[in-house]
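Novice: So that we are looking at the same thing, I have put the structure below in structure tokens.
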Amino acid sequence: MAELGLLGANLPEKYGCAGVNNVAYGLMMQELERGDSGIRSFASVQGALVMYPIYAFGSETQRRKWLPALANGEKIGCFGLTEPDHGSDPGGMETTAVKDGNNYILNGAKMWITNGSVADVAVVWAKLDGVVRGFLVEKGASGFSAPEMMNKHSLRASVTSELVFQDCRIPADNLLPESKGLASPLSCLTQARYGIAWGVIGAAMACYHEALTYAKTRIQFNKPIASFQLVQQKLVYMLTEITKMQLLALQLGRLKDQKKMKFTQVSLAKRNNVYQALEIARLARDMLGANGITSEYQSMRHMCNLETVKTYEGTHDIHTLIIGGDVTGIPAFS
Ligand SMILES: Cc1cc2nc3c(=O)[nH]c(=O)nc-3n(C[C@H](O)[C@H](O)[C@H](O)COP(=O)(O)OP(=O)(O)OC[C@H]3O[C@@H](n4cnc5c(N)ncnc54)[C@H](O)[C@@H]3O)c2cc1C
């Protein structure tokens, strides 16, 4: 991926990144997720959740140190926001940082962290004097461990880990100086959700093509199943929804390039596109009959992956509340 320039591809060339526009970046995410949501997740975390916060909230020294190495794949990063007791409500986080001379001491735990146990650097969000700030925790820091989480039925191509901080000591220089409050990690999520809105189109396309190919060759009642009206209706539904998802993502990318994109629009696209991709994966699985439950075919793998994508980066219902709050002016989170 690094050789192809896919990591942090929409960040500037002066930091070793490809500097492509946001539509091109989105198409990269689409093609990665056509393969597997776990592969796209790796690229999303590295680019949108590790490189972006270092670019947006880091010092120039931090940018020069980390961005080229993360772009060329020499270093891998992870993003620690979710905690065992705080998922949809990250503002309730319990991880703390306390200044101690030239160090910060971190205590707490993060959970469900993509790339956690393979990462060289973790962007960790913790409360310093009650305010959420971002910290760079390097592999091997004292009091830091990242045990891998096992037994997932979804996103199996992606490493998921806990991050544990027990009096973890890091240099004071590892604070991201421009990070201030919960808005900082949330702005990273906006970047990643943008990539998801594109990525899941790829998973839906893979399922559509598999179902179409299968329907043309699978014979029942002496005819290809593609000749039955109910099967054609499913294929038409898939194609229509994929086209709408693409148009939504394309318009969002153009707005992002013009710096006019709003986070509520990203919520709308993430919510809609993941929902429709999951519907399409389920329909494709159905059209494959019994064969569809095996690993010989990919639709069920995409379907299981998309259950994670529906949950992470703000669940489907949390995005409903974000959009609902925007259209009514009344927040309904609690
Ligand atoms: C494979 C995987 C990888 C992940 N990678 C990362 C990562 O790299 N970094 C990271 O920080 N996190 C990561 N996550 C965590 C992910 O972002 C959280 O799982 C997600 O935010 C949801 O939190 P939760 O699982 O605690 O669910 P909860 O917040 O407990 O939600 C459970 C249910 O309650 C609903 N709910 C919650 N609050 C409300 C409300 N106010 N109104 C209505 N319904 C509500 C939710 O919609 C959901 O249906 C990952 C998760 C997975 C599964």
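The values are calculated or read from the model by the stated rules, or taken from the named source; none is laboratory data. Please read these numbers as outputs of a predicted model, since none were measured by experiment. Every residue, glycine among them, receives a Cβ derived from its backbone with ideal geometry; neighbour counts consider all protein chains shown. Surface areas here come from the heavy atoms of the whole protein model, side chains and all, with no ligands, DNA or RNA. Shrake-Rupley method; radii C 1.70, N 1.55, O 1.52, S 1.80 Å.
Novice: Does Arg301 meet the test of being in contact with a Gly (Cβ under 8 Å, 6 or more places away or on another chain), modelled with pLDDT of 95 or more and not assigned by TED's automatic domain parsing to the domain that holds Thr160?
Specialist: no
Listed here are the residues, each with its yes/no results for (1) more than 16 Å from the ligand (Cβ to nearest atom); (2) open to solvent by less than 30 Å² (accessible area, probe 1.4 Å); (3) over 30 Å from Gln220 (Cα atoms).
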{"residue": "Arg271", "(1), (2), (3)": "no, no, yes"}
{"residue": "Val274", "(1), (2), (3)": "no, yes, yes"}
{"residue": "Leu278", "(1), (2), (3)": "no, yes, no"}
{"residue": "Ser299", "(1), (2), (3)": "yes, yes, no"}
{"residue": "Met303", "(1), (2), (3)": "no, no, no"}
{"residue": "Thr311", "(1), (2), (3)": "no, no, yes"}
{"residue": "His319", "(1), (2), (3)": "no, yes, yes"}
{"residue": "Gly329", "(1), (2), (3)": "yes, no, yes"}
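Novice: Then there is this: Of all residues in the range 284-297, count the ones that are in contact (Cβ under 8 Å) with a residue 12 or more places away in the chain, part of a helix (DSSP H, G or I) and surrounded by fewer than 22 Cβ atoms within 10 Å (Cβ to Cβ).
Specialist: Looking only at that region, the number is 3.
Novice: Any residue in the range 207-221 that is in contact (Cβ under 8 Å) with a residue 12 or more places away in the chain and among the basic types (Lys, Arg) sitting within a Cβ distance under 7 Å of a residue that is surrounded by 16 or more Cβ atoms within 10 Å (Cβ to Cβ) and assigned to a helix (DSSP H, G or I)? List the pairs, counting only those 6 or more apart or interchain.
Specialist: Correct list of pairs: Arg218/Ile225.
Novice: Among the listed residues Ala172, Ala192, identify the single one that is at negative phi, of a type in the set (A, V, I, L, M) and within 12 Å of the ligand (Cβ to nearest atom).
Specialist: Ala192
Novice: Suppose we filter the range 118-137 for residues that are open to solvent by 60 Å² or more (accessible area, probe 1.4 Å) and either part of a strand (DSSP E or B) or touching a strand residue (DSSP E or B) at 6+ places or on another chain (Cβ under 6 Å) (or both); how many remain?
Specialist: Of the residues in the range 118-137, 1 are open to solvent by 60 Å² or more (accessible area, probe 1.4 Å) and either part of a strand (DSSP E or B) or touching a strand residue (DSSP E or B) at 6+ places or on another chain (Cβ under 6 Å) (or both).
Novice: How many residues does the range 227-244 contain that are of a type in the set (D, E, K, R) and either exposed (fewer than 15 other Cβ atoms within 10 Å of the Cβ) or under 19 Å from Gly202 (Cβ atoms) (or both)? I'd like the intermediate steps shown before the answer.
Specialist: Of all residues in the range 227-244, those of a type in the set (D, E, K, R) come to 234, 241, 244.
With the extra rule that they be either exposed (fewer than 15 other Cβ atoms within 10 Å of the Cβ) or under 19 Å from Gly202 (Cβ atoms) (or both), the set shrinks to 241, 244.
Final tally of qualifying residues: 2.
Novice: Further question on the same structure: Can you find, within the range 92-117, the residue that is surrounded by the fewest Cβ atoms within 10 Å (Cβ to Cβ) among those that are touching a residue at least 60 places away in the same chain (Cβ under 8 Å) and within 12 Å of the ligand (Cβ to nearest atom)?
Specialist: Once the filter is applied, the top-ranked residue is Trp112.
Novice: Of all residues in the range 175-207, count the ones that are surrounded by fewer than 21 Cβ atoms within 10 Å (Cβ to Cβ) and either polar (S, T, N, Q) or under 16 Å from the mean Cα position of the chain (by Cα) (or both).
Specialist: Count: 3.
Novice: Right, here's the next one. Find all pairs meeting these conditions: Cβ atoms under 7 angstrom apart; at least six residues apart or on different chains; first residue within the range 304-318 and in contact (Cβ under 8 Å) with a residue 12 or more places away in the chain; second residue within 6 Å of the ligand (Cβ to nearest atom).
Specialist: Asn305/Leu155; Thr308/Leu155; Thr315/Ser88; Ile318/Ser88
Novice: Which of (1) without any contact (Cβ under 8 Å) to a residue 60 or more places away in the chain; (2) open to solvent by less than 10 Å² (accessible area, probe 1.4 Å) is the odd one out, the single condition Ile76 does not satisfy?
Specialist: (2)
Novice: Here is a further query. Does any residue in the range 257-268 that is under 18 Å from Ala24 (Cβ atoms) come within less than 9 Å, Cβ to Cβ, of a residue that is part of a loop (DSSP other than H, G, I, E, B) and open to solvent by 60 Å² or more (accessible area, probe 1.4 Å) six or more places away or on a different chain, and which pairs are these?
Specialist: Listed pairs, sorted by first residue: Asp257/Asn21.
Novice: Only one of Leu49, Leu67, Leu6, Leu11 is part of a helix (DSSP H, G or I), more than 16 Å from the ligand (Cβ to nearest atom) and either under 13 Å from the mean Cα position of the chain (by Cα) or not acidic (Asp, Glu) (or both). Can you tell me which?
Specialist: That would be Leu67, the only listed residue that is part of a helix (DSSP H, G or I), more than 16 Å from the ligand (Cβ to nearest atom) and either under 13 Å from the mean Cα position of the chain (by Cα) or not acidic (Asp, Glu) (or both).
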